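Colleague: Got a structure for you, written out below as structure tokens; questions coming shortly.
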Amino acid sequence: MIDNLQLELFPRGTLPQLPGELIRAELLRRGWGQEDLANIMDRPLPTINKIIQGKKAITPETAIGLAKAFETTPDYWMAKEVAYQLSQVDTSDTDTVEQRSKLYAKAPVKEMVKRRWIATLDGLDKVEATICRFLNIPSIDKTPPLLANARSSTDGRGFTAEQAVWCYRAYHLAKLIKVSPYKSARIPELRQHLRNLSNLAANVSHVPKLLAEYGIRLVIVQHLTGSKIDGAAFWLDGQSPVIVLSLRFDRVNYFWHTLAHELSHIYHNDADVDSDSFEGVRLAESPTEIRANEEASSTFMDESELMSFIRRTAPQYTTKKIIQFANRLGVHPSIVLGNLQFKGELDWAQGAPLQTKYRDHLIAVALTDGWGRSLPPFK
């Protein structure tokens, strides 16, 4: 059988690569000629001769015939043929393939070039060096060290490659913004200012300047394909907080909630990586994320006020009643709608007439990368 054939004919380390040499040796051991094998297998003699010389590959049908003739298995002969064929392949470019694979797994290189986040570079080594500097890692095998808190539609296991790259684009752009010194004690005061602005969608245009006055950099970066991220908070250093938003949902309640959510992370100086989804999908949330959601909601309305409205109104949530309640609180009606949806009082598909777009107001004044606005590439 196979093992005996190998041990008898070819001691360890001397097995030939060419399958035909195995066939020739077996014919010699049995005292057969090529014509004998051709007759046994019912194959033309020229075909057998070409296989033995390595001019014709062993096909599955031939492997079955050889297995029957030599009392082996088809797998044995197919394995020898594959091994031989692989030995003839030029592998000088395999290191480049492996390098490119690692690089594309670490970052969406094509989209980064398209978005002008990195310049078009000649040579894979130059691209890898640029990506490593972009992600602040010494080699492509390392994990980016940036810690951030993010609102995203991941499964809670941290950032995807696209999300990490997105955060780093904001990290580099944030360095371009000048702000006043940051003091955490002023955050409650900032929250009140945000609440006062939240009644009109157009008021989002005041947010970048307001945050800068409180020492917080705001960067707008359109999300990368498949990243499913709404916002993140991180620090340039111990005294320089940054909020980055993707604005992937052009509905004003998303903006205010995500902004306030990230502001909570900054206020508490959170440094761990968490994620959750605002689009009605409740993932496993850490205490940090639960706290951020609660503080985001309470920025625009007290829990007791909302529960009182629910007790008085449920389940008859008319547009008129929601608007009246929002006007009494001094917030946009979509904020009330969003809180009702998050609590399960309304379906996420309901309330479309109350939703208001805001993106154009914000990107007109904020440092923005995306929607046709291109900033200098990373160098």
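Please treat every number below as a calculation from the coordinates, not as lab data. Remember, predicted model here, so these are calculated numbers, not experimental data. All Cβ positions, glycine included, derive from the backbone under ideal geometry; neighbour counts span all protein chains shown.
Colleague: If the viscosity is 1.002 mPa s and the temperature 20 °C, what Stokes-Einstein diffusion coefficient in µm²/s follows for the stretch 93-145 when Rh is the Kirkwood radius over Cα pairs?
Modeller: Working: Rh = 11.3 Å.
Answer from the Stokes-Einstein relation: 190 µm²/s.
Colleague: Report the net charge of residues surrounding residue 50, where surrounding means a beta-carbon distance below 12 angstrom and charges are Lys +1, Arg +1, Asp -1, Glu -1. Walk me through the numbers on the way to the answer.
Modeller: Numbers: positive: 43, 55, 56; negative: none.
Computed value for this residue: +3.
Colleague: Now for a separate question. What are the ³J(HN,Hα) couplings of the stretch 316-323, residue after residue, when phi is run through the Karplus curve with 6.51, -1.76, 1.60 and θ = phi - 60°? Round to Hz, x for glycine and proline.
Modeller: 8, 8, 7, 4, 4, 5, 5, 5
Colleague: Rg and Dmax of the chain over Cα atoms: what are they, in angstrom?
Modeller: Over the chain's Cα set, Rg and Dmax evaluate to 32.8, 103 Å.
Colleague: Taking residue 110 as the anchor, which lysines have their alpha carbon closer than 17 Å to its alpha carbon, excluding any fewer than eight residues away along the same chain?
Modeller: The reachable lysines, counting only those whose Cα sits under 17 Å from residue 110, are 102, 126, 379.
Colleague: Between residue 64 and residue 90, what is the spin-label point distance in nm, taking each point 7 Å from the Cα along the Cα→C-beta axis?
Modeller: Reported label-point gap for residue 64 and residue 90 is 3.7 nm.
Colleague: Sticking with this one: With labels modelled as points extended 7 Å from the Cα through the Cβ direction, what inter-label distance (nm, one decimal) is found for residue 47 paired with residue 268?
Modeller: Simple spin-label model gives 7.4 nm for this pair.
Colleague: What's the Kirkwood radius of the stretch 147-369 in Å, using all Cα pairs? Intermediate values should be presented prior to the final figure.
Modeller: Working: mean 1/r = 0.0571 Å⁻¹.
Mean inverse Cα-Cα distance, inverted, gives 17.5 Å.
Colleague: Further, regarding this structure: Under 18 Å between C-alpha atoms is the cut-off here; go through the stretch 147-369 and count lysine pairs that meet it, provided they're at least eight residues apart or on different chains. Write down the numbers at each step before the final one.
Modeller: Values: 175/209; 178/209; 183/209; 321/343.
Number of lysine pairs found: 4.
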